[in-house]
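Below is one structure, written out as structure tokens, with a few remarks after it.
The values are calculated or read from the model by the stated rules, or taken from the named source; none is laboratory data. Computed from a prediction, not measured in an experiment: that's the story for all the values here. Cβ placement follows ideal geometry from the backbone for every residue including glycine, while neighbour counts extend to all protein chains displayed. Surface accessibility is based on the protein's heavy atoms, side chains included, excluding ligands, DNA and RNA. Shrake-Rupley method; radii C 1.70, N 1.55, O 1.52, S 1.80 Å.
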Amino acid sequence: MASDRVLTVSRAMAEAIGQEMRADPNVFVMGEDIGAYGGIFAATQGLLEEFGEERVRDTPISETAFIGAGVGAAMSGMRPIVELMFVDFFGVCMDAIYNMAAKNIYFSGGNFKVPMVLMTATGGGYSDAGQHSQTLHATFAHIPGLKVVAPSNAYDAKGLMISAIRDDSPVLYMFHKGLQGLVWMASPEGAAAVVPEDSYTIPFGQAKIVRPGKDVTIVTLSMMVHRALEAAEMLAKEGIDAEVIDLRTLVPLDRQTVLQSVAKTGRLVVVDEDYQSYGVTAEIIASVAETDPTMLKAAPRRVAYPDIPIPYSRPMEQFALPNAGKVADAVRETLDLKKAA
Amino acid sequence: MPDGLWDTAEIPEGVVANWFYADGGEVPKGATVAEITVEKTSYDIEAPEGGRLKIVVPKDGVVLPGTVIGKIGDG
Amino acid sequence: MAPTKDQLLWMYAAMAKARYYEDTMAAAYMEGKAPKFDIGAGTVPGEMHLAAGQEPCAAGVCVHLRPDDAVTATHRPHHVAIAKGVDLNKMTAEIFGKKTGLAGGRGGHMHLLDPKVNFSCSGIIGESAGPAVGAALAGGMAGRDSVAVAYLGEGAANQGAFHEALNLAALWTLPVVFVIEDNAWGISVHKAKSTAVKDNSVRAKGYGMPGAYIANNDTLKIFDAAGKAVKRARAGKGPSLIEIETYRYYGHFQGDPEAYRPEGEVEKLKAKDPIEKLRKHMIKKGGVSKADADDALEAAKAEVDAAFAFARESAYPAPREALDHVFA
């Protein structure tokens, strides 16, 4: 009997991890405050109670050491899930991620596996300032050898996490803080979702059309899926029918779904909370342009974070952050319509 | 017979942080049906019985000890 | 080294000011965040890390410093900024996100920077260490006898940046004082569960510098150890490490449920309030009159009240100002 049970993204993540830990004794978790605290963003709630300190390990503030250790453990037969508390902290430990986790399969000609999941919190919009609000999708998607996933809702969150844990390659699991369903941070309606109780996987490299439409293609991921859907609602009232694609995974990237959609609509808007230049929005547009630029009836548009450090003060932060209004304006531009007053 | 769920929290007011079943949804006995926060701490509320859920206090609603936040039962 | 009467009064004022500031900020922070706590809502949105209880670490060290001495601090910076002499109006306006703030609202509470008194801080654990080494290097290159002080938490002593900075400072004989505020908790993880040694002052020896451990948040002992470290640095003899056993009265961040804290811990810590201790000492043994102590306290509170009023009355920046000052 199918259940109607709804989970928040954070509970879906914890459930996925718990199920895999029950199924496979090689899976363990480590990171800062992931034990008794249950993770600052609630991704590991309940796990210490069930599995104990040996398999659910609080670490010192030593990212280089414990992420490096994650790589080593993964190469020695374990399946570690390591949490990097805020993606912004990658600066102190990037070598372990991009030079070791990402490259050791290649350097060994496929003889070593690196089945490590590195989960990390992204995103802002709640005044946490420049070193605690970044999204950085492109920074990691750009590194060959790293799979990168970013769920927009609890159903995808659980399936993608189980797939990530079972993957023999390193997976960077980027979860947006504002989607977690934390009691102390607002989250959009659609983030929590009905989540099946059993284990299920979602394959990587399969984008999802979360709203079919015929007039314009909006491609996005993570929190911005919700802003795009809000924009689509606004546009529907004006008779504009937007198709919204949730990429779900950046590496591997499902270019096919994007191309098929743009072939149908002829108009493209890409939305990303990460900094604009040199990022996801550019990659999607380039993929379309180099396949067949004549598909486009209008210049494509990007709605992304401006190339500035994230400001603290609310009016400035809200000015910079992509939102539904900006997405709708971008759509209207592709249709050569005036912006809303 | 409708079954009441009520707050087991401490003295100050709390907030319904999350519902894990939709209004009208079928809830198994013992399932975590809601989450309440009181003074920065969260509490999971379990369904004392199985049945159809009627939400009385929606998400973000303020509650006091003894507030009925939902009912489970027939009809 | 014992403080003079003036130094006692200065430290008391700095500590009282910091305490009143943090308590005032705690209340301001909760405006607009009840009954449902939403971190992004209210007068002071975002994260907030308060240092009530840790005042001796700031006052006992900064009493020895000049405006041209650099201080780098952490995500819990207010008490240090106050002791260093950061403009209180501009600092408070910054925390409120106002146009009149130190950075016009771009930085907020974890990113308070004031070149006038050479104060800066960072939200990344351990990242206060490197820049202090650099400031010390620059002072020497320019022929100054300035010193640099890096504040860190006990959690940061397990971060790579800390270890590298200590080695570099000792190797180049730089005038740096590393001050570890050991408040025992790295969010929810106790020092005993994060650090392989009981006290970080023993690590100093491993890096070629003297180390001191000050127990029990003792302002006078901090004054003494810091005075010696600063004197040593200014004399060109190189860096030192001081670890101070201190305590935070509030959670790691405001809104922290603090389930990890043993029952009654905070009450016990409040019973040994270092500000009360210093006040008693300075009146009884330091030659400070009760009237002078009361005046200092009143003046400190008035300055804080004025700063909060200034912040509240100031305007927000125009949204478009977000695009300014990316580059010099």
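On the given criteria, is C:Gly140 within 30 Å of C:Ser314 (Cα to Cα), open to solvent by 10 Å² or more (accessible area, probe 1.4 Å) and away from every other protein chain (no Cβ under 14 Å)?
Judged against the criteria, C:Gly140 is not a match.
Consider only pairs whose beta carbons are under 7 Å apart and that are at least six residues apart or on different chains; among these, list those whose first residue lies in region A:3-22 and is of a type outside the set (A, V, I, L, M, F, W, C) and whose second residue is modelled with pLDDT under 95 and not in a loop (DSSP other than H, G, I, E, B).
From residues that are of a type outside the set (A, V, I, L, M, F, W, C), the pairs are A:Asp4/B:Glu26; A:Thr8/B:Asn18.
Would you mind finding the one in C:Tyr316, C:Tyr247, C:Tyr260 that is more than 14 Å from every other protein chain (Cβ to nearest Cβ), out of contact with any His (no Cβ under 6 Å at 6 or more places or on another chain) and aromatic (Phe, Trp, Tyr)?
Matching residue, one of C:Tyr316, C:Tyr247, C:Tyr260: C:Tyr247.
Table: residues versus (1) charged (D, E, K, R); (2) assigned to a loop (DSSP other than H, G, I, E, B); (3) in contact (Cβ under 8 Å) with a residue 60 or more places away in the chain.
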position: C:Met209; (1), (2), (3): no, yes, no
position: C:Lys228; (1), (2), (3): yes, no, yes
position: C:Gly238; (1), (2), (3): no, yes, yes
position: C:Tyr250; (1), (2), (3): no, yes, yes
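Which residue is surrounded by the fewest Cβ atoms within 10 Å (Cβ to Cβ), if the candidates are limited to region C:1-57 and must be among the polar types (S, T, N, Q) and either within 11 Å of chain A (Cβ to nearest Cβ) or not in a helix (DSSP H, G or I) (or both)?
C:Thr4
Is it true that C:Gly105 is farther than 30 Å from B:Gly61 by Cβ, at the interface with chain A (Cβ under 9 Å from one of its Cβ atoms) and more than 11 Å from the chain's Cα centre (by Cα)?
Answer is yes for this residue.
When you check C:Asp218 against the structure, is it of a type in the set (Asp, Glu), more than 30 Å from A:Glu53 (Cα to Cα), more than 14 Å from chain A (Cβ to nearest Cβ) and surrounded by fewer than 19 Cβ atoms within 10 Å (Cβ to Cβ), yes or no?
no
Please verify whether C:Val202 is buried (at least 18 other Cβ atoms within 10 Å of the Cβ) and within 24 Å of C:Ala132 (Cα to Cα), treating the condition exactly as stated.
no
Please specify each residue of region A:87-114 satisfying the condition of being away from chain C (no Cβ under 14 Å) and in contact with an Asp or Glu (Cβ under 6 Å, 6 or more places away or on another chain).
Selection gives A:Lys113 alone.
Assess whether A:Asp33 counts as being of a type outside the set (Val, Ile, Thr) and surrounded by 20 or more Cβ atoms within 10 Å (Cβ to Cβ).
Criteria met by A:Asp33.
Is it the case that region C:289-304 has a residue that's in contact with a Pro (Cβ under 6 Å, 6 or more places away or on another chain), touching a residue at least 60 places away in the same chain (Cβ under 8 Å) and either open to solvent by less than 10 Å² (accessible area, probe 1.4 Å) or assigned to a loop (DSSP other than H, G, I, E, B) (or both)?
For region C:289-304, residues in contact with a Pro (Cβ under 6 Å, 6 or more places away or on another chain), touching a residue at least 60 places away in the same chain (Cβ under 8 Å) and either open to solvent by less than 10 Å² (accessible area, probe 1.4 Å) or assigned to a loop (DSSP other than H, G, I, E, B) (or both): absent.
Looking at A:Val210, is it more than 16 Å from A:Ile285 (Cβ to Cβ), open to solvent by 10 Å² or more (accessible area, probe 1.4 Å) and part of a strand (DSSP E or B)?
Taking the combined requirement at face value, the residue satisfies it.
Can C:Lys284 be described as open to solvent by 20 Å² or more (accessible area, probe 1.4 Å) and either within 12 Å of another protein chain (Cβ to nearest Cβ) or at pLDDT below 95 (or both)?
No, not satisfied.
Restricting attention to region A:230-252, report how many residues are open to solvent by 10 Å² or more (accessible area, probe 1.4 Å), aliphatic (A, V, I, L, M) and free of Cβ contacts under 8 Å to residues at least 60 places away in the same chain.
So the count comes out to 1.
Sort out which residues of region A:36-55 are open to solvent by less than 40 Å² (accessible area, probe 1.4 Å) and assigned to a helix (DSSP H, G or I), and write them in order of number.
Result: A:Leu47, A:Phe51.
Step by step: first the residues of region A:127-159, then only those that are within 14 Å of chain C (Cβ to nearest Cβ) and among the hydroxyl-bearing types (Ser, Thr, Tyr), then the one that is farthest from A:Ile202 (Cα to Cα). Which residue is that?
A:Ser127
Show me the helices (runs of 4 or more DSSP H) entirely contained within region A:255-341 in which 3 or more residues are within 14 Å of chain C (Cβ to nearest Cβ) and surrounded by 18 or more Cβ atoms within 10 Å (Cβ to Cβ).
Fully inside region A:255-341 and qualifying: A:314-320.
Inspect all residues belonging to region C:181-192 and state whether any of them is among the β-branched types (Val, Ile, Thr), buried (at least 19 other Cβ atoms within 10 Å of the Cβ), over 20 Å from C:Ala18 (Cβ atoms) and away from chain A (no Cβ under 14 Å).
no
Return the residues of region B:50-67 that are at pLDDT 85 or above and away from chain C (no Cβ under 14 Å); say none if nothing qualifies.
B:Gly50, B:Gly51, B:Arg52, B:Leu53, B:Lys54, B:Ile55, B:Val56
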